[in-house]
1. Tell me yes or no: at least one residue of segment 217-236 is touching a residue at least 24 places away in the same chain (Cβ under 8 Å), surrounded by 20 or more Cβ atoms within 10 Å (Cβ to Cβ), closer than 17 Å to VAL178 by Cα and within 16 Å of the ligand (Cβ to nearest atom).
2. Within segment 115-136, take every residue that is buried (at least 22 other Cβ atoms within 10 Å of the Cβ) and not aliphatic (A, V, I, L, M) and give me the one that is farthest from the ligand (Cβ to nearest atom).
3. Being over 18 Å from GLU244 (Cβ atoms) and either free of Cβ contacts under 8 Å to residues at least 40 places away in the same chain or among the polar types (S, T, N, Q) (or both) is the filter here, so list the residues in segment 180-213 that pass it.
4. Give ALA13, ALA22 a once-over and let me know the one that is over 29 Å from ASP145 (Cα atoms), modelled with pLDDT of 95 or more, touching a strand residue (DSSP E or B) at 6+ places or on another chain (Cβ under 8 Å) and crowded, with 19+ Cβ neighbours inside 10 Å.
5. Just checking, does segment 79-100 include any residue being over 18 Å from GLU133 (Cβ atoms) and either within 16 Å of the ligand (Cβ to nearest atom) or among the aliphatic types (A, V, I, L, M) (or both)?
6. Would you confirm whether or not segment 280-303 contains a residue that is under 21 Å from HIS215 (Cα atoms), among the basic types (Lys, Arg), touching a strand residue (DSSP E or B) at 6+ places or on another chain (Cβ under 6 Å) and not in a loop (DSSP other than H, G, I, E, B)?
7. Within segment 66-150, which strands (runs of 3 or more DSSP E) (wholly inside it) include 1 or more residues that are among the acidic types (Asp, Glu) and modelled with pLDDT of 95 or more?
Amino acid sequence: MALVDSKKMFEMAYKNGYAVGAFNVNNMEITQGIISAIAEEKAPLILQISRGARAYASMSYLRGIIDVAVKENPDIPICMHLDHGDTFETCKQCVDDGFTSVMIDASHQPFEENIEVTRQVVEYAHARDVVVEAELGQLGGIEEDVVGVDPDDIAKNLTDPDQAIEFVQKTGCDSLAVACGTSHGAYKFKTEPKLAFDVIQAVAEKLPGFPLVMHGSSSVLKEFKDLINKYGGDMPDAMGVPEEAIGKAAKMAVCKINIDTDLRMALTAKIRQVFSEKPAEFDPRKYLGPGREAIKDMVVRKLRILGCSGKAGECM
Ligand SMILES: [Zn+2]
């Protein structure tokens with residue numbers, strides 16, 4: 001089957017109380033690690049490509065890798081999504097490139113301007129059967145060129161439920177990334193964060209049936225940070241979003257959860273371990289291969305937390 005959009009996935013995730021995992025790809029090994037996990041777990045999948053990934057790998061290479069993944073897994077629905085599109089032009093380019101879903105993130109702009117650019121993207125994308133994720137409210141942290149608010153200001157920039165209903169009605173977007181206390185990157189919080197479940201619940205009550213999205217949802221697992229540091233890395237102490245909180249959000253109106261940092265850390269820890277334990281090794285397959293396995297294991301772990309294992313069939 002060809003690439004699909006996320007409509008059916010979100011419909012089923014909302015109805016049955018789980019979330020679809022959205023994982024970023026920028027090379028072959030990361031993609032293969034994710035694909036082997038979803039094939040084994042029979043889970044629906046959103047593969048995300050950022051502008052940084054497009055610049056790093058080039059869209060033609062990424063598309064080639066993803067096309068093979070889709071062809072080899074006809075029983076798994078796979079959506080190809082632009083992560084954090086910054087302008088109408090970027091989104092238009094990705095729609096034209098065959099993405100089945102795009103995100104326009106104008107959340108740092110004033111409310112009315114966010115509405116206007118999102119509305120333009122929706123108009124262009126919907127005319128070509130592509131769905132649109134938008135964002136309202138601001139997260140903390142840093143992810144590539146997306147710079148969020150200061151950690152101390154996260155609570156002040158949560159999504160306003162009343163604005164959310166107005167935003168969705170005026171833009172026609174298909175899903176909405178909400179600011180509910182999560183944060184991008186590996187250095188999220190100094191102390192364990194509390195997700196604003198009340199914000200998720202309030203938005204869900206104003207927009208019944210409407211799929212919400214959570215970004216910045218890695219847990220920055222201590223065991224992986226410790227492994228990285230044990231094998232010569234230097235990652236300072238930081239806390240992510242606890243996995244129990246991710247699981248709880250997945251049961252609510254949150255239908256898509258973005259996890260990237262935890263995959264990066266798993267890959268980095270494994271490659272560092274090989275370099276440290278086998279310093280004479282110089283065959284890239286001998287460290288990228290184990291790294292690919294580490295990605296797979298991490299994705300399996302996340303799919304089970306999100307509750308989407310075994311759900312591929314109902315999302316077709
Ligand atoms: Zn994000």
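1. Yes, that holds for at least one residue.
2. Once the filter is applied, the top-ranked residue is THR118.
3. PRO208 - this is the single residue of segment 180-213 that is over 18 Å from GLU244 (Cβ atoms) and either free of Cβ contacts under 8 Å to residues at least 40 places away in the same chain or among the polar types (S, T, N, Q) (or both).
4. Only one candidate passes the filter, namely ALA13.
5. Looking through segment 79-100, none of the residues is over 18 Å from GLU133 (Cβ atoms) and either within 16 Å of the ligand (Cβ to nearest atom) or among the aliphatic types (A, V, I, L, M) (or both).
6. yes
7. Counting at least 1 such residues, we get 78-85, 131-136.
Per-residue answers, yes or no, for (1) crowded, with 24+ Cβ neighbours inside 10 Å; (2) within 25 Å of SER309 (Cβ to Cβ); (3) within 15 Å of the chain's Cα centre (by Cα):
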residue	(1), (2), (3)
ALA39	no, yes, no
ARG51	no, no, yes
ASN73	no, yes, no
SER101	yes, yes, yes
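The values are calculated or read from the model by the stated rules, or taken from the named source; none is laboratory data. Since the structure is predicted, the reported quantities are computational estimates derived from the model, not experimental observations. Virtual Cβ from ideal backbone geometry, glycine too; neighbours counted across all protein chains shown.
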